[in-house]
Amino acid sequence: MSKHAPAIKPADDPAFKLPASLSALSLPLCIGGVLVLIVGWLIATFGVDQPKFGMSAYLTAFMYCLTLVLGSLFFVMIQHLVRAGWSTVLRRIAELVMIMIIPMAVLFLPIVVTLWTTDAALYRWDSPTFAQDNHLDPAMWENKTMWLSQDWFTVRACIYFAIWIGLAVYYFRGSVEQDETGERAATDRMQFWSGPAVMLYCGSMTFAMFDWVMSLAPMWFSTMFGVYLFAGSILSAHCILAVAAYLLQQAGAMRDEVTVEHYHDLGKLIFGFVTFWTYISFSQYLLIWYANIPEETEWLYHRQLGTWGSLSLVLVFLHWMLPFLGTMSMYVRRRPRWVFFWAFYVLVMHYVDIYWMVMPEAHAGVPGAHGSAGGALGVVASVLCVLGMVALMVGLVLRVASQTRIVAVRDPRLAESIAFENI
């Protein structure tokens, strides 16, 4: 902590407003994002000769954006829970991202619609002949369908989104209202409820990941799968903060408020959560490998075939080893450009991780296709889907940001955050 109290700018200072150059991008990004998403989905659906490929590409893009949003929501809650001061100047960025859980709920509707209108369009367990086709014991499958059913799946999705939207709106509204009132009681209330909020979040996210990703392979299970996706989510949330803060400063906003010290801390957190992601993913693999139970190994076996085997090695070397080495040095972590570079790089690798989880199941049941990624056209279609959805989300974030401030200007810990220094 600096020995000298920083000079806090007035709440209406331009440094706390979204620059006009970024605000003007909101509508083009929203319109362009929707168009690119539709084009990508059309190519994936009609250009690749596999019935589930289109919705699988859409689900990959959806889960990528959802994990970024949920990671940001967790970041906000955990900062209140531990009464963190250093992050106050950055927290509004995470708040703007987490409130995108509302449009994410709308974007989930196509997944629910296909579940109710087309047999096995995405989830294999939705097929009435799945047990017969896979020679499963009827009694065992009956127990499985107590959880994997259309109506109960839809009800659970409503519960998950209700929890996330409720948490995001509560923390976003409390923070934005404090910009006007300046009352410390708002901070105390958000801190008071952060413990129960984190518990609600952890339970709902874990089961949502079971439902929406793990059930793509309905006979496979891993109790670590929710934590695995959580690790990627919170890692990506810190990367979003670094990327967004750097771009905002380049556009002229909060140049004096976000310092090298904040980038240093973000760099440390990125380094730490790259390690945490690796630890969880390797632990999941190791437990399945030495147990050697057939229904547990199937999921990983398919990801060691053809293209997916190569992609597995990409994750080992380029999602773990390269950013691990790249963010290890304090010299790098105290250079905003380098922190921005590695944060952006990890966000790209996070998409590769989600792609590796979801897309192999698009080929399940297609003879000879388990080692394939749908060819170049399939890869292009998948990338277009995620670029379109990300562009749409960024456009909506800029829209909301233009109507509020990009820093929590009357948070009682703002002075502490600006004066923060690493020891």
Residues located in the stretch 221-270, provided they are over 13 Å from Ser87 (Cβ atoms), of a type in the set (A, V, I, L, M, F, W, C) and not in a helix (DSSP H, G or I) = Phe221, Met224, Ala251, Ala253, Met254
Matching residues in the stretch 17-57 (in contact (Cβ under 8 Å) with a residue 12 or more places away in the chain, of a type in the set (A, V, I, L, M, F, W, C) and not in a helix (DSSP H, G or I)) number 3
Return a yes/no flag: does the stretch 247-258 have any residue that is within 21 Å of Gly326 (Cβ to Cβ), at pLDDT 95 or above and under 20 Å from the mean Cα position of the chain (by Cα).
-> yes
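Here's the yes/no breakdown for (1) under 30 Å from Ile43 (Cα atoms); (2) at pLDDT below 95:
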residue	(1), (2)
Phe276	no, no
Asn292	no, yes
Gly326	no, no
Ser329	no, no
Val339	no, no
Phe344	yes, no
For Leu377, work out the one condition from (1) out of contact with any Lys or Arg (no Cβ under 6 Å at 6 or more places or on another chain); (2) at pLDDT below 95; (3) under 30 Å from Phe221 (Cα atoms) it doesn't fulfil.
-> (3)
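This table checks each residue for (1) modelled with pLDDT of 95 or more; (2) aliphatic (A, V, I, L, M).
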{"residue": "Phe62", "(1), (2)": "yes, no"}
{"residue": "Gly71", "(1), (2)": "yes, no"}
{"residue": "Val76", "(1), (2)": "yes, yes"}
{"residue": "Val82", "(1), (2)": "yes, yes"}
{"residue": "Ile102", "(1), (2)": "yes, yes"}
{"residue": "Val113", "(1), (2)": "no, yes"}
{"residue": "Ser127", "(1), (2)": "no, no"}
{"residue": "Ile159", "(1), (2)": "yes, yes"}
{"residue": "Ala162", "(1), (2)": "yes, yes"}
Note on Leu148: of the conditions (1) closer than 30 Å to Val76 by Cα; (2) touching a Ser or Thr at 6+ places or on another chain (Cβ under 7 Å), unmet is (1)
So which of Val76, Val89, Val82, Val113 ends up being within 21 Å of Gln191 (Cβ to Cβ), among the aliphatic types (A, V, I, L, M) and loosely packed, with under 15 Cβ neighbours inside 10 Å?
-> Val82
For the stretch 98-117, indicate whether the set of residues that are over 30 Å from Ser149 (Cβ atoms), touching a helix residue (DSSP H, G or I) at 6+ places or on another chain (Cβ under 8 Å) and of a type in the set (Gly, Ala, Ser) is non-empty.
-> no
Residue list for the stretch 201-225, filter: free of Cβ contacts under 8 Å to residues at least 24 places away in the same chain and of a type in the set (Gly, Ala, Ser) = Gly203
Can you name the helices (runs of 4 or more DSSP H) wholly within the stretch 276-384 that have at least 3 residues being within 20 Å of the chain's Cα centre (by Cα), buried (at least 16 other Cβ atoms within 10 Å of the Cβ) and touching a residue at least 40 places away in the same chain (Cβ under 8 Å)?
-> 336-358
Answer yes or no: is there a residue in the stretch 134-157 that is touching a residue at least 24 places away in the same chain (Cβ under 8 Å), of a type outside the set (Gly, Ala, Ser), open to solvent by 60 Å² or more (accessible area, probe 1.4 Å) and in a loop (DSSP other than H, G, I, E, B).
-> yes
What are the residues in the stretch 158-188 that are over 17 Å from Met104 (Cβ atoms) and surrounded by 16 or more Cβ atoms within 10 Å (Cβ to Cβ), if any?
-> Gly174, Ser175, Val176, Gln178, Asp179, Ala186, Thr187
Mind checking which pairs have a first residue in the stretch 176-197 that is without any contact (Cβ under 8 Å) to a residue 24 or more places away in the chain and a second that is surrounded by 13 or more Cβ atoms within 10 Å (Cβ to Cβ) and assigned to a helix (DSSP H, G or I), Cβ under 6 Å, 6 or more apart or different chains?
-> Ala186/Gly174; Ala186/Gln178
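The values are calculated or read from the model by the stated rules, or taken from the named source; none is laboratory data. All values derive from a computational prediction rather than experimental measurement. All Cβ positions, even for glycine, are placed from backbone atoms using ideal geometry, and neighbour counts span all protein chains on display. Note: accessible area is taken over every heavy atom of the protein model, side chains too, but ligands, DNA and RNA are not part of it. Shrake-Rupley method; radii C 1.70, N 1.55, O 1.52, S 1.80 Å.
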